[in-house]
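The values are calculated or read from the model by the stated rules, or taken from the named source; none is laboratory data. Computed from a predicted model, the values in this text were never measured in an experiment. Here the Cβ is made from the backbone with ideal geometry for all residues, glycine too, and neighbour counts use every protein chain on show.
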Amino acid sequence: MNRAELTRRLVAKLRRGEAVIGGIGNTNFDLWAAGQRPENFYMLRSMGLAVPIALGVALAQPARRTFVLEGDGSLLMQLGALGTVAATRPANLTIVAFDNGMYQITGKQRSLTASTVDLVAVAKGAGLAQSEWARDEAHFESLVDRALEAPGPWFIGARIDAAKPAGVTERDAALIRRRFMAAIAPKA
Amino acid sequence: MSWHASVVKALKANEVRLVTYIPDNVLAPLIDAVHADPWFRVICPAREEEAVGIVAGAWMAGVRGITLMQTSGFATLANVLASLIVPYQIPALLLISERGTLGDHQLGQAIVCRTMRPVLQTLGIEHFAIERLEDVEFVVGSMAKQAYATQAPAAVILSPLVTKK
């Protein structure tokens, strides 16, 4: 599967102001390229922190569904975060893990998922019982549909190719933060 | 009033409702107090970076939070502070119990302690060390107020003069 294509399919399903946290590098580049929704938060550095940031958003606003998109390298850097999500059980949080078994942006070095690590098995072991690999694009869409309706937390793994991202995020951190906050601000 | 009761009072006065922490023996009375108090949502993740990330996300979504840690935990945070908290202008509150000074028996704590203030200064992060019990509520409350008013992080350092003397 292809990250940009899956991201477009996911974003097309978001109709209720869902928050989306895009992990560093190609993951958030493709989120950007899928349409600059104000409810998207783009990480520019801080590898591995997309899941914790999304957990904070999800806990603060339990009525808003929150998605976090991460790559295999970033997830591997902060595996404990999966246990934290499982232990705090946010029903409105879905983790999407794009796994191409490599650190694509730094020169395609092999990551641990290219050898022994199975991210869905890790997620299940961390306590995220609702964890599944998407078999193909249609199955990915059906997993997203379920995550949009039924209580989470959800973990969706997707094995992807090494195609380049479809765009590049603008790098204005303060603007990204302000736009995101305005879009998800609780109504007074 | 004990130092930890003063911290709780200051956090409540500033609408801080989320506490993330990585355990520390010195902070244990405060950790116990926030766990026992339904005002707070309390999360103990696996690493300090995670704890700061959760507070950052929650603040952007409208809930104020603080991260509790010890000196060695702060030493793991340079990247996340430099690449998330400071550039995105997020008022993350950090409460750091100062280990490695004034009678610590661990050499590792003593050495890592010396990295804390240079990192805070280099990143331009407002910080203040509380050394007297009677200052706890004022300093914690004031640091929180300034952080939220200026969209900037703040680090409150708890000296052994407060927690152990």
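Looking across region B:85-125, just one residue is within 14 Å of chain A (Cβ to nearest Cβ) and assigned to a strand (DSSP E or B), and that is B:L93. Mind listing just one residue for me: the one in region A:138-188 that is over 27 Å from A:P62 (Cβ atoms) and within 16 Å of the chain's Cα centre (by Cα) and, of those, modelled with the lowest pLDDT? Going through the qualifying residues, I end up with A:T169.
Within region A:12-22, how many residues turn out to be within 16 Å of A:A50 (Cβ to Cβ) and among the aliphatic types (A, V, I, L, M)? Steps first, answer last, please.
At the first step, the residues of region A:12-22 found to be within 16 Å of A:A50 (Cβ to Cβ) are A:18-22.
Going one step further and asking which of them are among the aliphatic types (A, V, I, L, M), we end up with A:19-21.
Within region A:12-22, residues that are within 16 Å of A:A50 (Cβ to Cβ) and among the aliphatic types (A, V, I, L, M) number 3.
For region B:32-57, the set of residues classified as more than 13 Å from B:V16 (Cα to Cα), surrounded by 24 or more Cβ atoms within 10 Å (Cβ to Cβ) and either more than 7 Å from chain A (Cβ to nearest Cβ) or touching a strand residue (DSSP E or B) at 6+ places or on another chain (Cβ under 7 Å) (or both) consists of B:P45, B:E48, B:A51, B:V52, B:I54, listed by residue number.
It is to be established whether one or more residues within region A:107-123 are under 25 Å from B:P87 (Cβ atoms) and β-branched (V, I, T). Taking every residue of region A:107-123 in turn, none turns out to be under 25 Å from B:P87 (Cβ atoms) and β-branched (V, I, T). On inspection, A:F180 fails the criterion of being in contact (Cβ under 8 Å) with a residue 60 or more places away in the chain, out of contact with any Phe, Trp or Tyr (no Cβ under 8 Å at 6 or more places or on another chain) and among the aromatic types (F, W, Y). Going through (1) within 14 Å of chain A (Cβ to nearest Cβ); (2) touching a Leu at 6+ places or on another chain (Cβ under 8 Å) one by one, B:Q70 falls short only on (1).
When you check A:A54 against the structure, is it closer than 24 Å to A:L175 by Cβ and either at pLDDT 95 or above or not aliphatic (A, V, I, L, M) (or both), yes or no? When the stated conditions are applied, A:A54 passes them.
Scoring B:A82 on the criteria (1) out of contact with any Asp or Glu (no Cβ under 9 Å at 6 or more places or on another chain); (2) touching a residue at least 24 places away in the same chain (Cβ under 8 Å); (3) away from chain A (no Cβ under 14 Å); (4) not basic (K, R) leaves a single failure, condition (3).
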